[in-house]
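Shown next, in structure tokens, is the structure this report addresses.
Coordinate-derived values only; no laboratory data. These numbers come from a predicted model, not from an experiment. Neighbour counts are summed over all protein chains in view; Cβ atoms, including those assigned to glycine, are modelled from backbone coordinates with ideal geometry.
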Amino acid sequence: MPAAAVSDFLTATRTSYDRVAVDYDEHFRDGYRDKPVELSVLSLFASVVDGPVLEVGCGTGHTTAELVRLGLHVSCVDLSPGMVAVARSALPGLDFAVGSMLALPYADDSFGGVVAFYSTIHVPDDLLPAAMAELARVLRPGGHLLLAFQVGDEPLRMTSALGHEVALDFHRRQPSWMAELLADAGVPVRVRTVREADASERTPHAMLLAQKP
């Protein structure tokens with residue numbers, strides 16, 4: 001993808017989430033209350049991870065709070081300064097940074113675990129291998145990577161959300177292809193979980209737990 005197109009994608013995604021940050025936090029604050037599969041997978045991740053964890057695409061901190069509740073030492077990064085500001089207010093004392101998953105602001109082999117829960121969904125297909133490589137780069141040998149995303153073949157384009165104008169593409173992907181990308185990045189998948197959509201959702205959801213040799 002040309003550099004200008006990458007810049008446009010990052011700007012559109014950042015601006016969209018900055019606009020919705022406060023309303024997003026209020027709307028999804030109890031998002032895991034009726035999500036036992038996600039909670040179980042996060043618990044599994046917590047039980048096998050060794051060392052500090054990086055959450056990539058932390059949003060306003062809903063998954064972060066669950067990871068902390070599970071006893072993990074978590075650092076967080078998100079593309080949107082607005083989302084990070086809300087997360088910092090809700091979870092003072094944690095390490096939050098503003099940055100892109102295409103160029104994470106951390107050294108190689110920094111973390112025992114990496115979580116990208118529904119945060120790769122906006123990355124265009126041709127940039128996804130680079131994003132996977134970055135997730136793998138900051139993961140220590142033996143470390144675990146947890147990825148969650150919506151299942152499907154066609155993207156969803158949203159121009160409004162929670163009463164705000166946005167420009168977001170939600171890429172739905174097949175678990176087999178995502179597992180292939182992780183393997184190519186050097187982090188083969190160990191566990192695959194797919195659950196059906198609930199009443200408020202359009203698609204099934206997949207969670208992949210991978211480990212760096």
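Bin all alpha-carbon pair distances of the chain at 5 Å intervals from 0 and give each bin's fraction as a whole percent.
Calculated over all Cα pairs of the chain, the distribution is 1, 7, 16, 21, 23, 19, 11, 3, 0 percent.
Among Gly93, Ala183, Ala206, which residue has its Cα positioned farthest towards the positive end of the charge dipole of the stretch 3-211, with +1 placed on the Cβ of Lys and Arg, -1 on the Cβ of Asp and Glu, and the dipole taken about the Cα centre?
Most positive-ward Cα: Gly93.
Quick check: pseudo-label points 7 Å beyond the Cα along Cα→Cβ at Asp108 and Glu165, how many nm apart are they?
Distance between label points: 4.5 nm.
In terms of modelled amide H atoms, which long-range or inter-chain residues lie less than 5 Å from the amide H of Leu168?
Under 5 Å from the amide H of Leu168: Met158.
All other residues with a Cβ under 10 Å from the Cβ of Val56 taken together, and with Lys, Arg as +1 and Asp, Glu as -1, what is their net charge?
-3
Rounded to the nearest 500, what is the 222 nm mean residue ellipticity of the chain from helices alone, with -39500 (n - 2.57) per DSSP H run of 4+ residues and division by all residues?
My calculation for the chain gives -11500 deg cm²/dmol from helical runs alone.
So what are the ³J(HN,Hα) numbers for the stretch 41-55, from phi and the Karplus equation (6.51, -1.76, 1.60; θ = phi - 60°), rounded to whole Hz, Gly and Pro as x?
After applying 6.51 cos²θ - 1.76 cosθ + 1.60, I find 5, 4, 5, 4, 4, 4, 6, 10, 6, 10, x, x, 10, 10, 9 Hz.
So what are the ³J(HN,Hα) numbers for the stretch 176-187, from phi and the Karplus equation (6.51, -1.76, 1.60; θ = phi - 60°), rounded to whole Hz, Gly and Pro as x?
Running phi through 6.51 cos²θ - 1.76 cosθ + 1.60 with θ = phi - 60° gives 4, 6, 5, 5, 5, 5, 5, 4, 5, 7, x, 10 Hz.
Where in the chain is the longest stretch that carries no GluC sites (Glu not before Pro) classed as loop by DSSP and with at most 12 other Cβ atoms within 10 Å?
Of all site-free stretches, the longest is 1-195.
Treat each spin label as a single point 7 Å out from the Cα along the C-beta direction, and report the Ser7 to Leu39 distance in nm.
Simple spin-label model gives 4.6 nm for this pair.
Trypsin sites (Lys or Arg not before Pro), restricted to the stretch 134-213: which are DSSP loop and have at most 14 other Cβ atoms within 10 Å?
Arg202
Can you list the residues, at least 5 places off or on another chain, whose amide H is less than 5 Å from the amide H of Ala97, using H built in the peptide plane?
It is Cys76, Val77, Asp78, by chain and number.
Where the centre of each part is set by its Cα atoms, how far does the stretch 27-47 sit from the stretch 149-170, in angstrom?
Value for the Cα centre distance between the two parts: 22 Å.
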